[in-house]
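Structure record follows, encoded as structure tokens.
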Amino acid sequence: PKNAGTKVGTSEERSQKESFILKENQHLMRIATRDFSFIAEEHLSQIFTLLAKYKIKISLMQNSAISLDLCLEDLYLTVEELNKELQKQFNTEIIKNVSLYTIRNANLEQLNNFYKDKNILLEQISQKTTQVVTDWSPMSLISKSDLIKASGLHKLGFLKNPIASAVMRFTKINE
């Protein structure tokens, strides 16, 4: 070959570029001890065992002395069962259908623009990554019928057929 080869890997420029990742259809769960004692290792072990039992994935985790906040992905629709089991020993709160934004290499000066018009439920900032849980979704700006028309699904009867429209509600459009 006469041409130079392709280099595979990360470049300095690419590793510094700001990037956004959106995970929708998440649930924010706060778990706290009933007696305001510390969430200790044995509590965490019980919680993680139940998460595994119900096949619920953790997208973000933040703990304090007496509580644990989890942003959860519930692909198998078992978060209510998990909640019932956790409530036997803990106080729990769930906010359903939240969005998790991950911003790598965030420009902190411009981050205020991102926060504008959003209700921030949980925020975690590390050296290169900012993660924000909010009840705002970009999909809230688009009506279901506009989305169906834009995707071409109206030609398949998704606007007229109630069963097909119900399927659309459960479809992850952003994947």
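The values are calculated or read from the model by the stated rules, or taken from the named source; none is laboratory data. These numbers were taken from a predicted model, which means no experiment stands behind them. So basically every Cβ, Gly included, is an ideal-geometry build from the backbone, and we count neighbours across all protein chains shown. Accessible surface areas use protein heavy atoms only, side chains included; no ligands, DNA or RNA. Shrake-Rupley method; radii C 1.70, N 1.55, O 1.52, S 1.80 Å.
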Of N97, N113, N105, which residue is in contact (Cβ under 8 Å) with a residue 24 or more places away in the chain and farther than 18 Å from L28 by Cβ? N105
Which one is nearest to V133 (Cα to Cα), of the residues in segment 20-77 that are among the basic types (K, R) and crowded, with 17+ Cβ neighbours inside 10 Å? K23
Within the group E123, E85, which residue is open to solvent by 30 Å² or more (accessible area, probe 1.4 Å), of a type outside the set (F, W, Y), within 30 Å of Y54 (Cβ to Cβ) and part of a helix (DSSP H, G or I)? E85
